[in-house]
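The values are calculated or read from the model by the stated rules, or taken from the named source; none is laboratory data. Keep in mind it's a predicted model, so treat the numbers as computed, not measured. Virtual Cβ from ideal backbone geometry, glycine too; neighbours counted across all protein chains shown.
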Amino acid sequence: MLYIEQLKNRYRLIISYVGIIIVGVGVIMLLPLLTLPFYPEEISMTPYFVFPALITITFGYFMKIVPVNNKEETSLSLPEGGVIVVLAWFIMIVLSTLPFIMSGMLNFSQAMFEAVSGWTTTGLSVVDVTTAPKIILMWRSIMQFFGGAGLAVVMLSAIIGPHGLGLYVAEGRTDKLLPSIAKSTKLILSIYASYVIAGIVLYTIAGMPIFDSINHAMAALSTGGFSTQANSIGHYNSLAIELITIILMFAGTTNFVAHYVLLRGRIREFFRIGEVKFMLFLLGTLIPIVTFISLRPIYGNLAESFRVGVFELTSALSTTGFAIVEYNVWPAFAVFIMIVLMMIGGGTGSTAGGIKLYRVFLLFKSLVWNIKSYLQPKSLVEEHSINRPDGKFYVSKSHILEVANFFFLVLVTYIIGVAIFLAHGYPLLDSMFEFASSIGTVGLSVGITSASAPLGIMWTQIVGMILGRLEFFVIFFAIIKMIKDSSFMIKYKNKA
């Protein structure tokens, strides 16, 4: 009986915290209205944001006020943090479709796709940016900004502080900048916001219109990739804008703890971090290879080929999804390399998606360690370590196994997703590219993604984007916990 009451109280706590996040989403939904003084002709769009915001805030408020015993003294476990993240993301995605649906721009499936792409910072889009109102374009970018920051962490860490480690980890942030979760989150947000402001200023100086600068700075740093132009960054045909975008993409895909190390002037320590070295190695190796083998025959001169290679491969690995060219003339080798980079993804504890540089780097290191072990005396016992942003980390076999299991889950999911694309009649390479872009939360497309795409494809991409952003174990643990707890309470009620 006591356990049942404790369990109910834990779920009331979960509902209350989810309510806080949903109230925050409602407030965020009002932010696009700040564009109206500059675009007064869009005043008729006001109800499509005000009414959804009121619905969202009201819904969240009633969840928030659920009575909870000893709320201040309660710590969150990882599975409970996972439940909060999964429920909050599902509810906020559904509610975020309302501006698209009420304005008549998109149907439910299309609106779900756009909202999921926004909050997961993917950047695949079914919106025609050439005709969409500015307020809608701003809403897409705002979703990416807060989605990249990790909305659940941002909203709750200041409230639940050190008790919220389970939530912090559930959002995919395993390294802390400071001993306090709340202070770490505030520092992350200050770094994040500072980079966005710097990006806006630099874009404007480089000649990009201020509205575009705001949207692209948010999309670049969140590694989201939503653009206000149909041809993405390629629309501007500006080397300066491309360089600024590359810098922002690097910033967004780098672990926030690594940023902290760099900003404190510990430059050597920054470049010793395993995933930073691996990222530079991948790009430093693959850009020249792809440029010489695949791009030079297409773009003619070496300088233009190198310019395209640097931008596109950085966009793929950082999982940003900005582009300056189309891929319909690219040879299969270059497209395949892009697929590999999209699947690898960016740094842990960053705004990027994908398997993550750290995990792939660790698997390569473990392979090297395993080969070396066969060449060394059997009696030799060696501790293996890897440099992470928070210092040297000694790797256990169980940690390698966990990473390998994650890699296997991603691979199986990827194969299933590609098979669904093939079943709809799309070519193999195009199917591999498009679903890699979805599950890696990248946003690059070979043309399959559109408002007229089959529903089966659209929903396959939606599932891929969610799994890619929230990561598999968090979702699985959360679902298993909810099923297990629900079954226990139902059995108890039937016995009673």
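Results, tabulated for the structure shown:
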quantity	calculated
Looking only at the stretch 93-107, and only at residues there that are under 23 Å from GLU42 (Cβ atoms) and among the hydrophobic types (A, V, I, L, M, F, W, C), the one that is farthest from the chain's Cα centre (by Cα)	MET102
All positions within the stretch 385-425 that are assigned to a helix (DSSP H, G or I) and of a type in the set (Gly, Ala, Ser)	SER398, ALA404, GLY417, ALA419, ALA423
Hey, LYS372 exposed (fewer than 13 other Cβ atoms within 10 Å of the Cβ), of a type in the set (D, E, K, R) and either at pLDDT 90 or above or part of a strand (DSSP E or B) (or both) or not	no
Out of GLU434, GLU471, sole residue that is within 17 Å of the chain's Cα centre (by Cα) and surrounded by 22 or more Cβ atoms within 10 Å (Cβ to Cβ)	GLU434
Whichever residue in the stretch 187-236 is over 23 Å from LEU263 (Cβ atoms) and among the aromatic types (Phe, Trp, Tyr) and, among such residues, is surrounded by the most Cβ atoms within 10 Å (Cβ to Cβ)	PHE226
Sole exception among (1) touching a helix residue (DSSP H, G or I) at 6+ places or on another chain (Cβ under 7 Å); (2) closer than 19 Å to GLN144 by Cα for LEU7, by number	(2)
Residue match in the stretch 293-305 (condition: within 22 Å of the chain's Cα centre (by Cα) and either closer than 21 Å to GLY353 by Cβ or surrounded by 18 or more Cβ atoms within 10 Å (Cβ to Cβ) (or both))	no
